[in-house]
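Asks: Sharing a structure, written as structure tokens. Questions coming.
Nothing in this text is a laboratory measurement; each read-out follows from the coordinates by a stated rule. Since the model is a prediction, treat every value here as computed from it, not as a measurement. All Cβ positions, glycine included, derive from the backbone under ideal geometry; neighbour counts span all protein chains shown.
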Amino acid sequence: MAIETPSERPPAPAPEPAGSGGGPAAAADAQCVVAVLGGARERFGELVERYQGAVFSVVLGYVRDAQRTEDVAQEVFVGAFTNLAQLREPERFLPWLLQIARNRASREARRGASRPEQPLGDHDAPAREADPDRARAAYILGLVEELPEPYRHTVLLKYQQGLSCREIAQADGVPVGTITSRLTRALGVLRGALGQGQDQSQDTGQKPES
């Protein structure tokens, strides 16, 4: 089922530009970056733990294969660690990191364009069929995967990785209002798709499958 959303329009009035001030998360990132550059290399692990989910979500949007996504995500953090001294504004670590993720994922997607896709979670199919809650969760995730960018990316960062709208805006370099607008529209589309799926399952007497 193809999911379409209306074209994105900038909200009005324009909210505070992303990245101004940065917030507590950006300040914490900056402290880690400065510490790593000062010789406390182990502090980079805090950044990895904080953002590995966000990097995974970004890469997955390009690569669409779980194992390859894990490999590329590891390469992203290695690249970020190696080039950390090039980051001129430590408080902008997250947008810098996600740009590395997009660049590396885009290259990997081009290299792997001829490879067949590996459906996510296929090895869990019997468990999904036996567990209604897992089946519904898989169905909802499938709907999210069908959202066009940047809606899919925004929903995953917000609800799967737990980033705030301000953090997502900072990472994407857009106003916070743009992120809230994306979320409102994406959730509206998902609610409509879920309603259609429930109607179909009632007609057939079966649960919808992704």
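Asks: Less than 12 Å Cβ to Cβ from residue 50, Lys/Arg counted +1 and Asp/Glu -1: what total charge do the surrounding residues give? Walk me through the numbers before you get to the answer.
Replies: Working: positive: 43; negative: 29, 46, 49, 167.
Neighbourhood net charge equals -3.
Asks: Right, something else. Using +1 on the beta carbon of Lys and Arg, -1 on that of Asp and Glu, and nothing else charged, what's the dipole of the range 21-111 about the Cα centre, debye to 20? Display every interim value, and only then the final one.
Replies: Values: 12 positive and 11 negative charges, 76 e Å.
It comes to approximately 360 debye.
Asks: Among 93, 61, 77, which residue has its Cα positioned farthest towards the positive end of the charge dipole of the range 21-111, with +1 placed on the Cβ of Lys and Arg, -1 on the Cβ of Asp and Glu, and the dipole taken about the Cα centre?
Replies: 61
Asks: For the range 21-111, what is the relative contact order in percent, using Cα pairs closer than 8 Å and at least 6 residues apart in sequence? Spell out each step's value before the answer.
Replies: Working: 86 pairs, mean separation 36.3, N = 91.
Once divided by the residue count of the range 21-111, the mean separation gives 40 percent.
Asks: What net charge do the residues around residue 144 carry, taking every other residue with its C-beta under 14 Å from that of residue 144, with Lys and Arg at +1 and Asp and Glu at -1? Walk me through the intermediate numbers first.
Replies: Values: positive: 64, 136, 152, 158, 182, 185, 191; negative: 145, 146, 149.
Around residue 144, the surrounding residues sum to +4.
Asks: Using only Cα positions of the range 21-111, each an equal point scatterer, no hydration layer, compute I(q)/I(0) via Debye at q = 0.14, 0.16, 0.19 Å⁻¹ and quote the log10 values to two decimals.
Replies: For the range 21-111, the Cα-only Debye profile gives -0.47, -0.60, -0.81.
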